[in-house]
Amino acid sequence: MGPGQRAPEGVVRYQLGDAAARLRARVATAVGAATSLAPVVLAIVLLRRLGWAPTAAFWAVVVALAALVAVRALVGHSTALRRLRALVVTVSGEDIRVETARESYVIERPRVARIVEIDGALGGLRVDSEPDPRTGTTYVANVPRGGPTFGEVREALERWRPIERRGRRGPAVRFAVGAIVVAAIFFVPFLMDDFVGRSKLVAAGLVVGMWVVMRGVLRGR
């Protein structure tokens, strides 16, 4: 089926559409850039609290790092937008077909291992196949939320088997993550005074530890 063609009876054809693809690509890019830069900002704040005066060379490295993140974000946005625009998912009574810019594959209904719905703006549906008995290969069909026929796709897949629900982060967990990040940026620096008074080595260890923790927290999002 080409663009603009109507799917046969009982077949649901799904695409995001240009506006939804752009929005999703922008959100994903913004989240990725923030995840990369936040630990660096925290480390700088904590180092300044240690009384360390950054040199011109240090700021040059920071600027270069920020520029690298910006370039990666631009490239990542372009790649994500191209991938989302090219994605076509077709669901029939017998299988789900995925077409991307690079490949196309089919998961037959009897080979579906599970169907998961992921909450959130960057969520959607994920269909996992059972391993191929000959090659052991598994396939995953991702249906991003945002397209006009998403509800129809979900309804069709729900007739195959029960859909599992999985939040990207539950409300309580999202609140906890936000609290940790806020505390790290605004409150931890004030605790540094005690550590600086006792040992600069211990304080430096705290800087490294907080950087590792924040990286882990943000990656988990």
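The values are calculated or read from the model by the stated rules, or taken from the named source; none is laboratory data. Note that the coordinates shown come from a computational prediction; the quantities given were computed from them, not determined experimentally. Don't worry about glycine lacking a Cβ; one is built from the backbone with ideal geometry, like all the others, and counts go over all protein chains shown.
Worth a mention:
- In region 120-148, residue nearest to the chain's Cα centre (by Cα) [restricted to those that are part of a loop (DSSP other than H, G, I, E, B) and either among the basic types (Lys, Arg) or within 16 Å of Arg85 (Cβ to Cβ) (or both)]: Arg145
Table: residues versus (1) in the same structural domain as Arg26 (by TED's automatic domain parsing); (2) surrounded by fewer than 18 Cβ atoms within 10 Å (Cβ to Cβ); (3) without any contact (Cβ under 8 Å) to a residue 12 or more places away in the chain.
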position: Val91; (1), (2), (3): no, no, no
position: Ala101; (1), (2), (3): no, yes, no
position: Ser104; (1), (2), (3): no, yes, yes
position: Arg114; (1), (2), (3): no, yes, no
position: Gly120; (1), (2), (3): no, yes, no
position: Pro133; (1), (2), (3): no, yes, yes
position: Gly136; (1), (2), (3): no, yes, yes
position: Val143; (1), (2), (3): no, no, no
